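Worksheet for the structure shown next.
Read-outs throughout are calculated quantities, based only on the coordinates presented, and are distinct from any laboratory measurement. These numbers were taken from a predicted model, which means no experiment stands behind them. Cβ: placed from backbone, ideal geometry, glycine included. Neighbour counts: every protein chain shown.
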Amino acid sequence: MLKEAGYPVKVITGYEGTSEQNLAILRGEAEGNIDVYTDATDAIEDEGFKVITKLGDHPDFANVKSFRQAVDGKSQQVAEVLDGLLRLGRPFFTAPGVPPEQLASLREAFRNVVEDPAAQDEAQRAGCPWGGYTGPEEMTAIYWNVFEVPIEVIEMPSK
């Protein structure tokens, strides 16, 4: 998909983790990496690594072209699925059959914590920052969008 979007890509395997991959870039053995922002922050800030495209809409990279914009056709469908999965973040669930009033209270309390600046600061200090809040309606829509994507599109990244 990256090649289709015009990126000169050659996949190199064998590096055991992000640290080794970043060292390979610094040594000139590789020219790039795909990573999540929380793992790449040090390399971006300390080593001057440049973000060339992104999945999602991280505010620190407002001027970086999104991968969705860089591809078309079925690759764009894959990018939209990946983007949707990023927006889901880490969903929290409760048991089925929870009374509606209790469910509403749980959702409100959870949203209040996620949107609380003090809680966000504490999560940042603990090295576990979280993105914004994605409500249950949006999460449901994202799940349905993923379920409606044809299987050949889902299998594309593995080819």
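Within segment 2-110, report the trypsin sites (Lys or Arg not before Pro) that DSSP leaves as loop and that have at most 11 other Cβ atoms within 10 Å.
Lys3, Lys10, Lys50
Is the shape of the chain best called rounded, prolate or oblate, per the rule: a/c under 1.5 gives rounded, else a/b larger than b/c gives prolate, else oblate, with a ≥ b ≥ c the square roots of the Cα gyration tensor eigenvalues?
Taking the square roots of the gyration eigenvalues as a ≥ b ≥ c, the chain is oblate.
Helix hunt in the chain: which complete DSSP H runs extend at least 18 Å axially by C-alpha with mean Kyte-Doolittle at least -0.5?
73-88, 100-115
Do any GluC sites (Glu not before Pro) in segment 53-159 lie in a loop, going by DSSP, with at most 13 other beta-carbon atoms within 10 Å of their beta carbon, and if so which?
Taking segment 53-159 and a limit of 13 other Cβ atoms within 10 Å, the loop GluC sites (Glu not before Pro) found are Glu148.
For Asp46 and Glu101, what does the FRET efficiency come to when R0 = 35 Å and r is the distance between their Cβ atoms, rounded to the nearest 0.05?
That pair, Asp46 with Glu101, gives E of 0.10.
Expressed in whole Å with the largest first, what are the equivalent ellipsoid semi-axes of segment 1-52 derived from the C-alpha gyration tensor as the square root of 5 times each eigenvalue?
Semi-axes (√(5λ), whole Å): 18, 14, 10.
Lys65: which lysines have alpha carbons under 23 Å from its alpha carbon, excluding same-chain residues fewer than 8 sequence positions away?
Result set, ordered by chain and number: Lys3, Lys10, Lys50, Lys54, Lys74.
Take the Cβ-Cβ distance between Ile12 and Phe93 as r, set R0 to 30 Å, and report the resulting FRET efficiency rounded to the nearest 0.05.
E(calc), rounded to 0.05, equals 0.20.
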